[in-house]
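The structure appears below as structure tokens.
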Amino acid sequence: MITRILDVSSEPLDEECIKEASEILKKGGLVAFPTETVYGLGGDATDKEASRKIYAAKGRPSDNPLIVHISEFSQLEAISSGLPETAKKLADAFWPGPLTMVVNKNEVVPYETTGGLDTVAVRMPNNPVALALINESGCMIAAPSANTSGRPSPTKASHVYEDLSGKIEAILDGGPVDIGLESTIVDLTEDVVTILRPGYINMDMLKEVVGEVRMDPGIVYNDKGTTSGAKPKAPGMRYKHYAPKGDLTIISGDEDAVISTINKMAAEAIEKGSKVGIISTSETAGKYTAGEVLIIGNRSDEGSIAHNLYDILRQFDELDVDIIFSESFATPKMGQAIMNRLLKAAGQKTIEV
Ligand code: TXA
Ligand code: MG
């Protein structure tokens, strides 16, 4: 199969491209499209065969459910059962936007889409291309991140092409995404709203709307970097994700101590013949004395760090580094979301200095 690239990166939106992509979806094919978080790999959420194709294209375990993307609140009502009041409140506050809600499903969504679960994850993305595609096709779109399973999520159309070229019908290229980390997932099927995956919408923002919110114990790490022992409720959070080829270690603590530790460890590794990469910020990059130093963003702008995280992990794969050292980014608003991904990429390896 030849994967077509449909350019929708300039305004006004190219309606012909949206029509072409919609036709593919309506015929049961797959189209990757931009959202404000990461690129998604879309198929008709009510079509079992389309969902099967999504798992196959990504090489994803079929027990890891997909997120259904909608453009109107009524679609959430149409695919759920016993929708709690909190769903409306959260939708009013955050949709369209980077929040996914897990609710009880009804028969409209097949088990192929939900990985066999009786619940379904739903979100309304805040991206004009994504919304136009949902509206034009008339489909609710099942879409996981458009990467090969185990690779960093795609934040540019070129990342999607690297991973899925030849495996899907088309990619809508809407340029680089805005946020760069996947949506916050909340579970609304229990008494207390529970965060299953941290993202741009953080605990404080959720509490302002629904009062009590808790974190899934399965994704809480203690100071040794290991979990409480509970299994994460979102199946996708159980897998070792986003692992770069190079062995990644996070160094955290006082800035000067972090820099001197990384310099020392990098020099030792290079001495032994390893190729070393360093994840730095624009504030610190000039202070590193060895290795391939890449700048993830500015410490003063945490959005820039979130935005570039996955791209930088892909760059280190291309550079074929053996060992990667990273600074730690426990920033005020998105720190939890950023560190959740970075710690996973590091297999939780952290050195406190
Ligand atoms: O920002 C995003 O959410 C992106 C864009 C494309 O919308 N999508 C995304 O999809 O990150 P994916 O498949 O990479 O991650 C979906 C996560 C997985 O961890 C999955 O296990 C979880 O959502 N999930 C889906 N349905 C669920 C359910 N019914 N119960 C619990 N977790 C669920
Ligand atoms: Mg994913």
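Go through segment 315-334 and report how many residues are touching a Ser or Thr at 6+ places or on another chain (Cβ under 9 Å) and modelled with pLDDT of 95 or more.
The initial filter retains those residues of segment 315-334 that are touching a Ser or Thr at 6+ places or on another chain (Cβ under 9 Å), namely 321-330.
Checking the rest, the ones that are also modelled with pLDDT of 95 or more come to 321-329.
Qualifying residue count, segment 315-334: 9.
Of the residues examined, ALA91 is one that is hydrophobic (A, V, I, L, M, F, W, C) and away from ligand 2 (no atom under 15 Å from the Cβ).
Screening GLU190 on (1) closer than 25 Å to MET215 by Cα; (2) away from ligand 1 (no atom under 12 Å from the Cβ) shows it passes everything except condition (2). If only residues of segment 112-149 that are over 24 Å from GLU11 (Cα atoms) and away from ligand 1 (no atom under 11 Å from the Cβ) are counted, the one that is surrounded by the most Cβ atoms within 10 Å (Cβ to Cβ) is MET140.
Name the single residue that is modelled with the highest pLDDT among those in segment 215-239 being of a type in the set (Lys, Arg) and loosely packed, with under 15 Cβ neighbours inside 10 Å. I'd like the intermediate steps shown before the answer.
The first filter runs over segment 215-239 and keeps only residues of a type in the set (Lys, Arg), leaving 224, 231, 233, 238.
Narrowing the set further to residues that are loosely packed, with under 15 Cβ neighbours inside 10 Å leaves 224, 231.
On the way: LYS224: 55, LYS231: 88.
Selected residue: LYS231.
Within segment 24-60, being more than 14 Å from ILE168 (Cα to Cα) and in a loop (DSSP other than H, G, I, E, B) holds for PRO34, THR35, GLU36, THR37, VAL38, ALA45, THR46, ASP47, ARG60.
Residues in segment 150-162 that are open to solvent by less than 40 Å² (accessible area, probe 1.4 Å) and touching a Leu at 6+ places or on another chain (Cβ under 9 Å) were compared, and the one that is nearest to ligand 1 (Cβ to nearest atom) is SER153. Among the residues of segment 325-353, those identified as assigned to a loop (DSSP other than H, G, I, E, B), buried (at least 19 other Cβ atoms within 10 Å of the Cβ) and among the aliphatic types (A, V, I, L, M) are MET334, ALA346.
Give the residues of segment 61-83 that are in a loop (DSSP other than H, G, I, E, B) and within 16 Å of ligand 2 (Cβ to nearest atom), sorted by residue number.
Filtering segment 61-83 for residues in a loop (DSSP other than H, G, I, E, B) gives 61-66, 70-72, 81-83.
The answer is PRO61, SER62, ASP63, ASN64, PRO65, LEU66.
Being closer than 24 Å to LEU188 by Cα, aromatic (Phe, Trp, Tyr), open to solvent by less than 40 Å² (accessible area, probe 1.4 Å) and part of a loop (DSSP other than H, G, I, E, B), is that true of even one residue in segment 84-103? Yes, because at least one residue in segment 84-103 is closer than 24 Å to LEU188 by Cα, aromatic (Phe, Trp, Tyr), open to solvent by less than 40 Å² (accessible area, probe 1.4 Å) and part of a loop (DSSP other than H, G, I, E, B). Among the residues examined, MET237 qualifies as within 24 Å of ILE195 (Cβ to Cβ) and in a helix (DSSP H, G or I).
Of the candidates SER22, SER9, SER80, the single residue that is modelled with pLDDT of 95 or more and under 26 Å from ALA306 (Cβ atoms) is SER9. The residue list ILE296, ILE270 contains one member that is closer than 30 Å to TYR200 by Cα, aliphatic (A, V, I, L, M) and not assigned by TED's automatic domain parsing to the domain that holds GLY175, which is ILE296. Determine, yes or no, whether LEU6 is away from ligand 2 (no atom under 16 Å from the Cβ), surrounded by 15 or more Cβ atoms within 10 Å (Cβ to Cβ) and outside any strand (DSSP E or B). For LEU6, the condition - away from ligand 2 (no atom under 16 Å from the Cβ), surrounded by 15 or more Cβ atoms within 10 Å (Cβ to Cβ) and outside any strand (DSSP E or B) - is not met.
In the set SER51, SER62, which member is small (Gly, Ala, Ser), open to solvent by 40 Å² or more (accessible area, probe 1.4 Å) and assigned by TED's automatic domain parsing to the domain that holds LEU131? Can you show your working first?
Details: SER51 fails: open to solvent by 40 Å² or more (accessible area, probe 1.4 Å).
Exactly one of SER51, SER62 is small (Gly, Ala, Ser), open to solvent by 40 Å² or more (accessible area, probe 1.4 Å) and assigned by TED's automatic domain parsing to the domain that holds LEU131, namely SER62.
The values are calculated or read from the model by the stated rules, or taken from the named source; none is laboratory data. Bear in mind that the values here come from a model prediction, so they are computed numbers and not experimental data. Every residue, glycine as well, gets a Cβ built from its backbone with ideal geometry; the counts of neighbours run over all protein chains shown. Just the protein is used for accessible areas: all its heavy atoms, side chains included, with ligands, DNA and RNA removed. Shrake-Rupley method; radii C 1.70, N 1.55, O 1.52, S 1.80 Å.
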